[in-house]
Amino acid sequence: RMQRLRARLARSGALGQALLGVLSRDHLSEADWEELEDTLLLADIGLEPATELLDTLRTRVKVLGSTEAGPLREMLREELVALVNPEMDRSLADAPVTGEDGVPHPATVLVVGVNGTGKTTTVAKISRVLVAEQKKVVLGAADTFRAAAADQLATWGSRIGVEVIRSEKEGADPASVAFDAVRAGREQGSDVVLVDTAGRLQNKAGLMDELGKIKRVMSRTAPVSEVLLVLDATTGQNGMRQAKVFAEAVDITGIVLTKLDGTAKGGIVVAVQRELGVPVKFVGLGEGPDDLAPFVPAEFVDALLS
Ligand code: GDP
């Protein structure tokens, strides 16, 4: 079935157009409803949310007693916005907090995710947003397994104008780099410290140990404010599996969905929020430092349907 669906996606183009195409037919047959379901599944919305959405739409169409395109489009829009859960708090912890010692500490943000999802780029993009808001930022390059990863972050740091704490030794303890970054942030009176980590998904126990240790040392003087999980929107169900593993290893507080610029699979927003119970806070829309947007449910749905 998925193969048939994928073939259709190649033909159907954007999710919104496909949905509206079906919805604007004069009379909705059973086959049309099935096509709607297929379209939603193809966009990675997930089976349960897709079924719920269609049940609600069917009921509303019945009550409305017509399949006029305008009202249907509005209904679809409303139901999609509801699915994306507009009530979730999507703000980023970006202001100093008072530690157990009674003094202010920078907000600390741990950024996790599998290699290649866009973690380092996302850390750079978020820093850029914070710097534009006049916040003082320090970055920690706790991906110590690949020297290239720290180099990449250092390059971003100098472009954006923020200090990057790293270890000169490849293979250094990532937790100690994270600790040094937090300490540097505290000494400098920073607002936020962002820590980039390695994305080695060797096994769940290893991941838990590593992230757990980083989080513990970062929170010696004040609790870690955020753990952001970076997910590549183009990886579909595989991305969902990764998300679950990370969520079991560490308490995720928010999701950044990257590479939404290259996909019609925006439905993953619904699936991942539902699965993890935490909000998508930002979306990545390109490789450049400014290609990050806060996630706004209504805007997202409008873009999906445009
Ligand atoms: P990391 O290994 O998780 O740190 O991933 P990187 O930050 O190195 O990114 C991996 C690749 O994805 C790079 O080529 C980035 O330019 C690219 N990338 C990151 N975010 C986005 C995005 O939102 N859109 C697109 N199109 N590419 C992205």
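The values are calculated or read from the model by the stated rules, or taken from the named source; none is laboratory data. As the structure is a computational prediction, the values presented were derived from the model and not from experiment. Neighbour counts are summed over all protein chains in view; Cβ atoms, including those assigned to glycine, are modelled from backbone coordinates with ideal geometry. Quick note on the areas: whole protein, heavy atoms, side chains included, nothing else; ligands and nucleic acids left out. Shrake-Rupley method; radii C 1.70, N 1.55, O 1.52, S 1.80 Å.
Annotations for the structure displayed:
- Debye-sum result for the stretch 31-70 in log10 I(q)/I(0), which assumes one identical scatterer on each alpha carbon, at q = 0.14 Å⁻¹: -0.32
- DSSP H segments from the chain that extend 15 Å or more along their own axis, Cα-based, with Kyte-Doolittle mean of -1.0 or above: 30-42, 47-64, 69-83, 119-132, 147-160, 174-187, 204-218, 236-249
- Extension gain (nm, one decimal) between K204 and Q237, 0.36 nm per residue minus Cα-Cα: 10.1 nm
- Alpha-carbon Rg with Dmax, taken over the chain, Å: 21.3, 69
- Shape descriptor for the stretch 72-215: Rg over Rh equals 1.06 (Cα atoms; Rh from the Kirkwood inverse mean 1/r).
- Rounded, prolate or oblate (a/c below 1.5 giving rounded, otherwise prolate when a/b exceeds b/c) for the stretch 83-148 by Cα gyration tensor: oblate
- Modelled label positions at T56 and W33, each set 7 Å beyond Cα in the direction of Cβ, lie 1.7 nm from each other.
- Dipole check for the stretch 165-217: with +1 at the C-beta of Lys and Arg, -1 at the C-beta of Asp and Glu, and the Cα centre as origin, the magnitude is about 220 Debye.
- Across the options L257, W156, G46, the greatest Cα extent toward the positive end of the charge dipole of the chain (unit charges at beta carbon of Lys, Arg, Asp, Glu) belongs to W156.
- For S127, the accessible surface of its heavy atoms amounts to roughly 0 Å² (probe 1.4 Å, protein chains only, rounded to the nearest 10).
- Accessible-area rank, largest first, for H105, H27: H27, H105, with all protein chains present and a 1.4 angstrom probe.
- Cα centroid of the stretch 267-297 to Cα centroid of the stretch 49-102, whole Å: 14
- Carbon + sulfur, % of accessible area of the stretch 191-306 - ligands and nucleic acids excluded, 1.4 Å: 50
- Of V112, V245, V84, the residue with the greatest mean-square motion in the GNM of the chain, using alpha carbon springs below 10 Å, is V245.
- Based on protein heavy atoms only, the chain ends up with 44 Å² per residue of surface accessible to a 1.4 Å probe.
- Looking at the chain, the DSSP beta bridges with both ends there are about 15 percent antiparallel.
- Dividing the summed helix terms, -39500 (n - 2.57) for each DSSP H run of n ≥ 4, by the number of residues in the chain produces a 222 nm estimate of -16000 deg cm²/dmol to the nearest 500.
- Cβ-Cβ FRET estimate between V97 and D26, R0 fixed at 41 Å, reported to 0.05: 0.10
- Once C-alpha pairs closer than 8 Å and six or more residues apart are averaged by separation and normalised to the residue number of the chain, the relative contact order reads 23 percent.
- Among the GluC sites (Glu not before Pro) in the stretch 146-234, those placed in a DSSP loop whose Cβ has at most 13 other Cβ atoms within 10 Å are E168, E170.
- Close amide H partners of H105, meaning residues 5 or more places away or on another chain with modelled amide H under 5 Å apart, are V97, T98, G99.
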